[in-house]
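Q: Here you go, one structure.
The values are calculated or read from the model by the stated rules, or taken from the named source; none is laboratory data. Please read all numbers here as calculations on a predicted model, not as lab measurements. Counting neighbours? That spans all protein chains shown, and the Cβs are built from the backbone with ideal geometry, glycine included. Protein only, heavy atoms only, side chains kept; ligands, DNA and RNA dropped before computing areas. Shrake-Rupley method; radii C 1.70, N 1.55, O 1.52, S 1.80 Å.
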Amino acid sequence: MAVSPLALVHEGGTTRIWLGATALTDAASEVALWLAGRRVFVISSAAVRELHREALEGLMGTAAEVVELNVADGENAKTMSTVERLAREMVVAGGKRDSRVITLGGGTVSDVGGFAAGCFLRGIEYGQVPTTLLAQVDASIGGKTGVNLPEAKNSVGLFHQPRWVVSDARFLSTLPARELRQAMFEVVKVGILADPVLFELVESSLADLLTAAPETLARAVERAVSVKVAMVAADEREGDRRRLLNLGHTLGHALETVVGHGRLRHGDAVGHGMLFATTLAEARGLASEDADRIRALLGRLGMAQLPSLKMAPILEAIRRDKKARESGLAWVLPLAIGRAEIADISELTVEKHLASFLKDCLE
Ligand code: GLY
């Protein structure tokens, strides 16, 4: 029996999200209608395309023409020059306003491909086939697309909601444990800020999740995606509630920018960011037993050690963060496991706590 998709209702319509072990099959007839008679640009990396060629072929039978466009793996490909190249290739291949884009791959392909679809001819429709856990629980949901500048992560982009997302659980079985571990930081993040049951699931079943035990992983994906869908539906443009999803990302993005995207992975960076947010939160009254549970779980996930760092560039990167407003930078802090708040904290206080948090790696 086909499983009904989740629906994310937003300003521009509805994004249909298929999850689970039969997602590709469940979505096939709707995707076929959407593609019928159109040229489709499939944006992916060469390796991912080869790995999943057969799975994708089943989705694309009705397209008039399939054009393959490549994006290199990894965060370093998230640049304006990649978007320019993609747009030029789309023009040369005859792209029109009613052509389609499908992104197939992880977070980079999702962010950069969604951005290319959003600005090509002022925006054409796209669908997402996320093949990594990180892309399934985070990058493919929510419509934020974009690229990095050397000075600041994700600092050029736009909101462009996909028409559909097909997160097939079978893709996850081919992922190496290190990728599952990176993504698990985002899953834990969702647990801390909105879903105590998800947090407990990761606490009790971490080993299963990191070995891609299908049922446990599918439960975690479904809970994490459902929380994100609800938050985005309530606040698509990140004016208010959706900002909670940035837990751990203020310091996390600053660390990625300062250390270098190639040298510090996103999950590890967000892990350090969540640890720091927990420290700030404890100073404002977060119960120590909740703080200890968060630290214990992050400790079990094990973040990569930070290299030696200088304080000034980190503070500068925090000030430049795209989440900062003219009125200052608000921090997302846990209030309890499953609840978070946005708090204004003075730069002086942040600097004081950061100096002690980073003491082992400050030059
Ligand atoms: N595309 C990721 C997000 O909107 O959060």
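Q: Can you pull out the residues in region 119-141 that are small (Gly, Ala, Ser) and surrounded by fewer than 22 Cβ atoms within 10 Å (Cβ to Cβ)?
A: Step one: of region 119-141, the residues small (Gly, Ala, Ser) are 123, 127, 135, 139-140.
The one that is small (Gly, Ala, Ser) and surrounded by fewer than 22 Cβ atoms within 10 Å (Cβ to Cβ): Gly123.
Q: Within region 270-285, restricting attention to residues that are open to solvent by 10 Å² or more (accessible area, probe 1.4 Å) and in contact with a His (Cβ under 9 Å, 6 or more places away or on another chain), which residue is farthest from Ile318 (Cα to Cα)?
A: Of the residues in region 270-285, the ones open to solvent by 10 Å² or more (accessible area, probe 1.4 Å) are 272, 275, 279, 282-285.
Applying the additional criterion that residues be in contact with a His (Cβ under 9 Å, 6 or more places away or on another chain) yields 279, 283.
On the way: Thr279: 17, Ala283: 20 Å.
Here the answer is Ala283.
Q: Residues in region 162-178 that are part of a helix (DSSP H, G or I), open to solvent by 50 Å² or more (accessible area, probe 1.4 Å) and in contact (Cβ under 8 Å) with a residue 24 or more places away in the chain: how many?
A: Here is the first cut: in region 162-178, the residues part of a helix (DSSP H, G or I) are 169-174, 177-178.
Checking which are open to solvent by 50 Å² or more (accessible area, probe 1.4 Å) leaves us with 170, 173-174, 177-178.
Add one more test, that the residue is in contact (Cβ under 8 Å) with a residue 24 or more places away in the chain, and what stays is 170, 173-174, 177.
Total meeting the criteria: 4.
Q: Let me ask something additional. Specify the residue that is nearest to the ligand (Cβ to nearest atom); the eligible residues are those in region 81-99 that are open to solvent by 20 Å² or more (accessible area, probe 1.4 Å) and in contact with a strand residue (DSSP E or B) (Cβ under 6 Å, 6 or more places away or on another chain).
A: Per the criteria, the residue is Glu89.
Q: Tally time: how many residues in region 270-304 are free of Cβ contacts under 8 Å to residues at least 24 places away in the same chain and assigned to a loop (DSSP other than H, G, I, E, B)?
A: Residues that pass the stated criteria total 1.
Q: Ok, one more. Mind counting the residues in region 121-161 that are more than 19 Å from Leu245 (Cβ to Cβ), free of Cβ contacts under 8 Å to residues at least 60 places away in the same chain and in contact with a Pro (Cβ under 7 Å, 6 or more places away or on another chain)?
A: The number of residues fulfilling the criteria is 1.
Q: Right, next: Residues of region 25-80 being open to solvent by 60 Å² or more (accessible area, probe 1.4 Å), over 15 Å from Gly106 (Cα atoms), of a type in the set (S, T, N, Q) and in contact with a strand residue (DSSP E or B) (Cβ under 9 Å, 6 or more places away or on another chain), which ones?
A: Of everything in region 25-80, just one residue is open to solvent by 60 Å² or more (accessible area, probe 1.4 Å), over 15 Å from Gly106 (Cα atoms), of a type in the set (S, T, N, Q) and in contact with a strand residue (DSSP E or B) (Cβ under 9 Å, 6 or more places away or on another chain), namely Thr25.
Q: Considering only region 253-269, state which residues are in contact (Cβ under 8 Å) with a residue 40 or more places away in the chain, buried (at least 24 other Cβ atoms within 10 Å of the Cβ) and over 17 Å from Leu149 (Cα atoms).
A: Hit for region 253-269 is Gly267, nothing else.
Q: If a residue counts only when it is more than 15 Å from the chain's Cα centre (by Cα), closer than 30 Å to Arg219 by Cβ and of a type outside the set (S, T, N, Q), which strands (runs of 3 or more DSSP E) contained entirely in region 68-160 have at least 2 such residues?
A: 126-130
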